[in-house]
Amino acid sequence: MSPLAISESFLLATYRELSEFLKSVERRAFKQAYFAVHDDHAAVDVVQDSMLKLTEKYADKPIEELPMLFQRILQNTIRDYYRRQKVRNTWTTLFSSLSFGKDDEEQDPLDTLEAADGANRAQAPAEQFEQKQTIGLIEEELAKLPSRQREAFLLRYWEGLDVAQTAEAMGCSEGSVKTHCSRATHTLAEALKAKGVEL
Amino acid sequence: MNEREFTTKVKEYLNYSSSRLSPEVFSGLEAARKRALENFSPAHAEELEWAGAHGTVAHTHGKSHHFGGRRWLALAVLLAALAGGIYWQQEMNQDDDIDAALLGGELPVNAYIDHGFQTWLERSSQH
(Lines give C-alpha, C1' and ligand atoms only; values in the text may rest on other atoms or scores of the structure.)
Protein backbone atom coordinates (compact mmCIF):
# COMPACT_ATOMS: atom_id res chain seq x y z
CA MET A 1 0.00 0.00 0.00
CA SER A 2 1.42 3.42 -0.92
CA PRO A 3 2.15 5.91 1.88
CA LEU A 4 -0.63 8.16 0.61
CA ALA A 5 -3.15 5.32 0.56
CA ILE A 6 -2.14 4.36 4.11
CA SER A 7 -2.50 7.92 5.30
CA GLU A 8 -5.86 8.28 3.54
CA SER A 9 -7.31 5.13 5.08
CA PHE A 10 -6.00 6.17 8.45
CA LEU A 11 -7.39 9.67 8.06
CA LEU A 12 -10.81 8.30 7.11
CA ALA A 13 -10.90 6.04 10.16
CA THR A 14 -10.08 8.90 12.48
CA TYR A 15 -12.49 11.23 10.74
CA ARG A 16 -15.23 8.63 10.94
CA GLU A 17 -14.58 7.94 14.62
CA LEU A 18 -14.72 11.62 15.43
CA SER A 19 -17.84 12.09 13.33
CA GLU A 20 -19.58 9.20 15.04
CA PHE A 21 -18.52 10.42 18.44
CA LEU A 22 -19.95 13.89 17.78
CA LYS A 23 -23.14 12.39 16.41
CA SER A 24 -23.53 10.24 19.51
CA VAL A 25 -23.20 13.15 21.95
CA GLU A 26 -24.78 16.07 20.10
CA ARG A 27 -28.38 15.58 21.25
CA ARG A 28 -27.53 15.18 24.92
CA ALA A 29 -25.10 18.08 24.62
CA PHE A 30 -27.87 20.19 23.12
CA LYS A 31 -30.21 19.30 25.99
CA GLN A 32 -27.57 20.11 28.58
CA ALA A 33 -26.97 23.46 26.94
CA TYR A 34 -30.69 24.08 26.58
CA PHE A 35 -31.35 23.47 30.29
CA ALA A 36 -28.73 26.12 31.00
CA VAL A 37 -29.47 28.77 28.37
CA HIS A 38 -33.21 28.24 27.76
CA ASP A 39 -32.93 28.97 24.05
CA ASP A 40 -32.73 26.58 21.08
CA HIS A 41 -30.43 28.73 18.94
CA ALA A 42 -28.11 29.62 21.78
CA ALA A 43 -27.95 25.95 22.79
CA VAL A 44 -27.05 24.88 19.23
CA ASP A 45 -24.38 27.62 19.20
CA VAL A 46 -22.95 26.33 22.45
CA VAL A 47 -22.78 22.79 21.04
CA GLN A 48 -21.17 24.05 17.83
CA ASP A 49 -18.54 26.05 19.73
CA SER A 50 -17.76 22.99 21.84
CA MET A 51 -17.44 20.75 18.78
CA LEU A 52 -15.15 23.27 17.07
CA LYS A 53 -12.92 23.54 20.12
CA LEU A 54 -12.72 19.75 20.33
CA THR A 55 -11.78 19.28 16.67
CA GLU A 56 -9.36 22.21 16.70
CA LYS A 57 -7.42 21.31 19.80
CA TYR A 58 -8.00 17.70 20.73
CA ALA A 59 -8.76 15.79 17.51
CA ASP A 60 -5.51 13.83 17.79
CA LYS A 61 -6.41 12.49 21.23
CA PRO A 62 -7.37 8.85 21.71
CA ILE A 63 -11.06 8.25 21.09
CA GLU A 64 -11.61 7.10 24.68
CA GLU A 65 -10.48 10.50 25.98
CA LEU A 66 -12.95 12.42 23.82
CA PRO A 67 -16.09 12.05 26.00
CA MET A 68 -14.37 13.57 29.03
CA LEU A 69 -12.71 16.30 27.00
CA PHE A 70 -15.95 17.14 25.25
CA GLN A 71 -17.85 17.36 28.53
CA ARG A 72 -15.22 19.66 29.99
CA ILE A 73 -15.32 21.88 26.90
CA LEU A 74 -19.13 21.88 26.89
CA GLN A 75 -19.36 22.91 30.55
CA ASN A 76 -16.78 25.67 30.01
CA THR A 77 -18.61 26.90 26.92
CA ILE A 78 -21.89 27.04 28.86
CA ARG A 79 -20.14 29.02 31.62
CA ASP A 80 -18.60 31.35 28.99
CA TYR A 81 -22.08 31.90 27.60
CA TYR A 82 -23.27 32.90 31.10
CA ARG A 83 -20.36 35.31 31.51
CA ARG A 84 -21.07 36.98 28.16
CA GLN A 85 -24.74 37.11 29.05
CA LYS A 86 -23.89 38.75 32.37
CA VAL A 87 -21.82 41.45 30.66
CA ARG A 88 -24.63 42.05 28.16
CA ASN A 89 -27.15 42.26 30.97
CA THR A 90 -25.26 45.03 32.71
CA TRP A 91 -26.08 47.22 29.70
CA THR A 92 -29.66 46.13 29.22
CA THR A 93 -30.65 45.18 32.74
CA LEU A 94 -34.27 46.25 32.76
CA PHE A 95 -35.31 44.88 29.37
CA SER A 96 -33.38 41.64 29.72
CA SER A 97 -34.71 40.82 33.15
CA LEU A 98 -38.29 41.64 32.18
CA SER A 99 -38.26 39.59 29.00
CA PHE A 100 -36.44 36.68 30.68
CA GLY A 101 -38.99 36.51 33.48
CA LYS A 102 -41.84 36.64 31.02
CA ASP A 103 -40.40 33.77 28.97
CA ASP A 104 -39.98 31.72 32.10
CA GLU A 105 -43.54 32.25 33.24
CA GLU A 106 -45.01 31.56 29.86
CA GLN A 107 -42.99 28.41 29.29
CA ASP A 108 -45.28 25.46 28.90
CA PRO A 109 -43.62 22.08 29.48
CA LEU A 110 -45.56 20.63 26.59
CA ASP A 111 -44.02 23.17 24.21
CA THR A 112 -40.72 21.31 24.50
CA LEU A 113 -42.22 18.07 23.36
CA GLU A 114 -42.36 16.70 19.85
CA ALA A 115 -44.99 14.51 18.24
CA ALA A 116 -44.34 10.81 18.75
CA ASP A 117 -42.84 8.93 15.82
CA GLY A 118 -43.76 5.50 14.42
CA ALA A 119 -42.06 3.61 17.23
CA ASN A 120 -44.58 4.94 19.68
CA ARG A 121 -47.79 4.44 17.75
CA ALA A 122 -48.72 1.36 19.72
CA GLN A 123 -48.71 3.35 22.95
CA ALA A 124 -52.09 4.39 24.25
CA PRO A 125 -52.82 8.11 23.82
CA ALA A 126 -53.30 8.56 27.56
CA GLU A 127 -49.98 6.88 28.24
CA GLN A 128 -48.23 9.02 25.61
CA PHE A 129 -49.74 12.15 27.08
CA GLU A 130 -48.64 11.18 30.57
CA GLN A 131 -45.11 10.44 29.38
CA LYS A 132 -44.82 13.79 27.60
CA GLN A 133 -46.15 15.58 30.61
CA THR A 134 -43.67 13.83 32.89
CA ILE A 135 -40.75 14.67 30.60
CA GLY A 136 -41.89 18.28 30.47
CA LEU A 137 -42.02 18.48 34.24
CA ILE A 138 -38.65 16.77 34.72
CA GLU A 139 -37.02 19.15 32.26
CA GLU A 140 -38.70 22.14 33.82
CA GLU A 141 -37.46 21.18 37.28
CA LEU A 142 -33.98 20.39 35.95
CA ALA A 143 -33.80 23.83 34.39
CA LYS A 144 -34.74 25.37 37.76
CA LEU A 145 -31.85 23.68 39.60
CA PRO A 146 -28.79 25.78 40.45
CA SER A 147 -26.38 25.46 37.53
CA ARG A 148 -23.67 23.54 39.41
CA GLN A 149 -26.19 21.05 40.80
CA ARG A 150 -27.72 20.50 37.38
CA GLU A 151 -24.28 20.16 35.82
CA ALA A 152 -23.22 17.53 38.38
CA PHE A 153 -26.52 15.65 38.12
CA LEU A 154 -26.47 15.46 34.31
CA LEU A 155 -22.80 14.52 34.05
CA ARG A 156 -23.05 11.89 36.75
CA TYR A 157 -26.42 10.30 36.03
CA TRP A 158 -27.10 11.06 32.39
CA GLU A 159 -23.63 11.07 30.84
CA GLY A 160 -22.62 8.24 33.16
CA LEU A 161 -19.34 9.78 34.36
CA ASP A 162 -18.03 8.57 37.70
CA VAL A 163 -17.47 10.97 40.61
CA ALA A 164 -13.80 11.59 39.76
CA GLN A 165 -14.54 12.26 36.09
CA THR A 166 -17.43 14.56 36.97
CA ALA A 167 -15.16 16.47 39.35
CA GLU A 168 -12.54 16.81 36.61
CA ALA A 169 -15.09 17.99 34.06
CA MET A 170 -16.51 20.51 36.52
CA GLY A 171 -13.16 21.62 37.90
CA CYS A 172 -14.11 20.94 41.52
CA SER A 173 -13.51 18.37 44.26
CA GLU A 174 -15.14 14.95 44.39
CA GLY A 175 -16.79 15.97 47.65
CA SER A 176 -18.46 18.90 45.92
CA VAL A 177 -19.73 16.60 43.18
CA LYS A 178 -21.31 14.26 45.75
CA THR A 179 -22.93 17.21 47.52
CA HIS A 180 -24.24 18.73 44.28
CA CYS A 181 -25.60 15.37 43.09
CA SER A 182 -27.27 14.61 46.39
CA ARG A 183 -28.92 18.03 46.60
CA ALA A 184 -29.99 17.95 42.97
CA THR A 185 -31.55 14.50 43.32
CA HIS A 186 -33.34 15.46 46.53
CA THR A 187 -34.65 18.76 45.10
CA LEU A 188 -35.78 17.11 41.88
CA ALA A 189 -37.53 14.25 43.66
CA GLU A 190 -39.30 16.63 46.04
CA ALA A 191 -40.39 18.97 43.25
CA LEU A 192 -41.77 16.13 41.13
CA LYS A 193 -43.52 14.62 44.12
CA ALA A 194 -45.13 17.99 44.87
CA LYS A 195 -46.50 18.01 41.33
CA GLY A 196 -47.88 14.49 41.73
CA VAL A 197 -45.30 12.81 39.50
CA GLU A 198 -44.32 9.28 40.45
CA LEU A 199 -41.46 7.87 38.43
CA MET B 1 -37.93 4.41 45.29
CA ASN B 2 -34.25 4.78 46.11
CA GLU B 3 -31.84 7.30 44.62
CA ARG B 4 -30.43 4.88 42.05
CA GLU B 5 -33.88 3.90 40.74
CA PHE B 6 -34.93 7.54 40.63
CA THR B 7 -31.88 8.68 38.65
CA THR B 8 -32.21 5.72 36.27
CA LYS B 9 -35.82 6.68 35.57
CA VAL B 10 -34.86 10.31 35.00
CA LYS B 11 -32.13 9.17 32.61
CA GLU B 12 -34.65 7.10 30.63
CA TYR B 13 -37.01 10.06 30.29
CA LEU B 14 -34.15 12.36 29.25
CA ASN B 15 -32.94 9.85 26.66
CA TYR B 16 -36.44 9.62 25.25
CA SER B 17 -36.74 13.38 25.16
CA SER B 18 -33.35 13.94 23.51
CA SER B 19 -34.26 11.55 20.71
CA ARG B 20 -37.26 13.73 19.85
CA LEU B 21 -35.81 17.11 19.09
CA SER B 22 -37.37 19.46 16.57
CA PRO B 23 -36.24 19.20 12.90
CA GLU B 24 -34.71 22.69 13.17
CA VAL B 25 -32.55 21.62 16.09
CA PHE B 26 -31.57 18.39 14.32
CA SER B 27 -30.46 20.28 11.21
CA GLY B 28 -28.67 22.87 13.38
CA LEU B 29 -26.73 20.13 15.16
CA GLU B 30 -25.93 18.38 11.89
CA ALA B 31 -24.58 21.63 10.42
CA ALA B 32 -22.56 22.26 13.60
CA ARG B 33 -21.05 18.77 13.39
CA LYS B 34 -20.17 19.13 9.72
CA ARG B 35 -18.54 22.49 10.33
CA ALA B 36 -16.48 21.10 13.19
CA LEU B 37 -15.36 18.15 11.06
CA GLU B 38 -14.43 20.42 8.13
CA ASN B 39 -12.30 22.31 10.57
CA PHE B 40 -10.60 19.08 11.60
CA SER B 41 -9.59 17.63 8.22
CA PRO B 42 -6.86 19.83 6.64
CA ALA B 43 -4.32 19.89 9.46
CA HIS B 44 -4.55 16.15 9.94
CA ALA B 45 -4.35 15.44 6.23
CA GLU B 46 -1.11 17.42 6.03
CA GLU B 47 0.31 15.74 9.11
CA LEU B 48 -0.57 12.27 7.92
CA GLU B 49 0.73 12.85 4.40
CA TRP B 50 4.06 13.89 5.84
CA ALA B 51 4.18 10.81 8.03
CA GLY B 52 3.12 8.58 5.15
CA ALA B 53 5.77 9.99 2.81
CA HIS B 54 8.44 9.02 5.34
CA GLY B 55 7.10 5.52 5.86
CA THR B 56 6.25 6.13 9.48
CA VAL B 57 2.54 5.41 9.50
CA ALA B 58 2.74 3.03 12.44
CA HIS B 59 0.20 5.35 13.95
CA THR B 60 -1.84 4.71 17.02
CA HIS B 61 -4.25 7.14 18.53
CA GLY B 62 -2.61 9.82 20.56
CA LYS B 63 0.83 9.32 19.04
CA SER B 64 0.57 11.88 16.27
CA HIS B 65 2.65 14.40 18.20
CA HIS B 66 5.70 12.28 17.25
CA PHE B 67 5.19 13.41 13.67
CA GLY B 68 5.60 17.00 14.81
CA GLY B 69 8.83 16.12 16.65
CA ARG B 70 10.24 14.34 13.62
CA ARG B 71 9.31 17.25 11.45
CA TRP B 72 11.30 19.58 13.70
CA LEU B 73 14.26 17.19 13.61
CA ALA B 74 14.19 17.12 9.80
CA LEU B 75 14.06 20.92 9.76
CA ALA B 76 17.07 21.14 12.11
CA VAL B 77 19.08 18.75 9.89
CA LEU B 78 18.17 20.80 6.83
CA LEU B 79 19.24 24.05 8.50
CA ALA B 80 22.53 22.50 9.66
CA ALA B 81 23.24 21.30 6.11
CA LEU B 82 22.44 24.75 4.75
CA ALA B 83 24.77 26.44 7.27
CA GLY B 84 27.54 23.94 6.41
CA GLY B 85 27.11 24.67 2.70
CA ILE B 86 27.36 28.42 3.25
CA TYR B 87 30.51 28.01 5.39
CA TRP B 88 32.18 25.80 2.72
CA GLN B 89 31.26 28.30 0.01
CA GLN B 90 32.89 31.14 2.00
CA GLU B 91 36.07 29.09 2.48
CA MET B 92 36.22 28.46 -1.26
CA ASN B 93 35.75 32.17 -1.99
CA GLN B 94 38.67 33.02 0.33
CA ASP B 95 40.97 30.64 -1.60
CA ASP B 96 39.84 32.22 -4.87
CA ASP B 97 40.75 35.69 -3.58
CA ILE B 98 44.29 34.56 -2.69
CA ASP B 99 44.72 32.87 -6.07
CA ALA B 100 43.54 36.02 -7.84
CA ALA B 101 45.94 38.22 -5.85
CA LEU B 102 48.87 35.91 -6.66
CA LEU B 103 48.09 35.74 -10.35
CA GLY B 104 47.27 39.45 -10.63
CA GLY B 105 50.51 40.63 -8.88
CA GLU B 106 53.72 41.76 -10.63
CA LEU B 107 55.90 39.16 -8.90
CA PRO B 108 56.14 35.66 -10.32
CA VAL B 109 54.49 33.00 -8.14
CA ASN B 110 57.86 31.30 -7.49
CA ALA B 111 59.12 34.42 -5.70
CA TYR B 112 56.84 33.69 -2.70
CA ILE B 113 58.46 30.31 -2.02
CA ASP B 114 62.06 31.22 -2.92
CA HIS B 115 64.04 31.92 0.32
CA GLY B 116 66.80 33.58 -1.72
CA PHE B 117 64.37 36.10 -3.11
CA GLN B 118 63.23 37.00 0.43
CA THR B 119 66.88 37.54 1.53
CA TRP B 120 67.57 39.64 -1.58
CA LEU B 121 64.47 41.71 -0.90
CA GLU B 122 65.53 42.45 2.72
CA ARG B 123 69.09 43.33 1.63
CA SER B 124 67.82 45.64 -1.12
CA SER B 125 65.49 47.48 1.25
CA GLN B 126 68.42 48.18 3.65
CA HIS B 127 70.38 50.03 0.90
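The values are calculated or read from the model by the stated rules, or taken from the named source; none is laboratory data. All figures in this text were calculated on a predicted structure; none of them were measured in a lab. Backbone-built Cβ (ideal geometry, glycine too); neighbour counts: all protein chains shown.
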Pairing a residue in segment B:6-22 that is assigned to a loop (DSSP other than H, G, I, E, B) with any residue that is β-branched (V, I, T), where Cβ atoms lie under 9 Å and the two sit 6 or more apart in sequence or on different chains, gives B:R20/A:I135
Checking B:A53, B:A58 in turn, the sole residue that is under 19 Å from A:Y15 (Cα atoms) and at pLDDT below 80 turns out to be B:A58
All-but-one check, B:E5 against (1) within 9 Å of chain A (Cβ to nearest Cβ); (2) within 27 Å of A:E26 (Cβ to Cβ); (3) modelled with pLDDT of 70 or more, failing number (2)
Counted residues in segment A:25-63 being more than 9 Å from chain B (Cβ to nearest Cβ) and either in contact with an Asp or Glu (Cβ under 9 Å, 6 or more places away or on another chain) or closer than 25 Å to B:S17 by Cα (or both) come to 11
Log entry, pairs with first residue in segment A:131-160 being closer than 17 Å to A:A191 by Cα, second being buried (at least 21 other Cβ atoms within 10 Å of the Cβ) and of a type in the set (K, R), beta carbons closer than 6 Å, six or more apart or on different chains, reads A:L142/A:R150
Does A:L11 satisfy the criteria of being in a helix (DSSP H, G or I), within 7 Å of chain B (Cβ to nearest Cβ) and modelled with pLDDT of 85 or more? no
Of those in segment A:137-157 that are surrounded by fewer than 20 Cβ atoms within 10 Å (Cβ to Cβ) and not acidic (D, E), the residue farthest from A:E65 (Cα to Cα) is A:L137
(1) facing chain B (nearest Cβ under 10 Å); (2) over 22 Å from A:K144 (Cβ atoms); (3) part of a helix (DSSP H, G or I) all hold for A:R72 apart from (1)
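On the basis of being part of a loop (DSSP other than H, G, I, E, B) and either at pLDDT 90 or above or in the same structural domain as A:K195 (by TED's automatic domain parsing) (or both), does A:A115 make the cut?
When the stated conditions are applied, A:A115 passes them.
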Of A:L22, A:L66, the only residue that is at the interface with chain B (Cβ under 7 Å from one of its Cβ atoms) and under 23 Å from A:E168 (Cβ atoms) is A:L22
Scanning segment A:118-167 for residues that are over 20 Å from B:L21 (Cα atoms) and within 11 Å of another protein chain (Cβ to nearest Cβ), the one modelled with the lowest pLDDT turns out to be A:G160
The residue that is farthest from the chain's Cα centre (by Cα), considering only those in segment A:54-65 that are buried (at least 19 other Cβ atoms within 10 Å of the Cβ) and in a helix (DSSP H, G or I), is A:T55
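The rows are residues; the columns are (1) in a helix (DSSP H, G or I); (2) farther than 19 Å from A:L74 by Cα; (3) of a type outside the set (G, A, S).
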residue	(1), (2), (3)
A:E140	yes, yes, yes
A:R156	yes, no, yes
A:T166	yes, no, yes
A:K178	yes, yes, yes
A:C181	yes, no, yes
A:H186	yes, yes, yes
A:A191	yes, yes, no
A:G196	no, yes, no
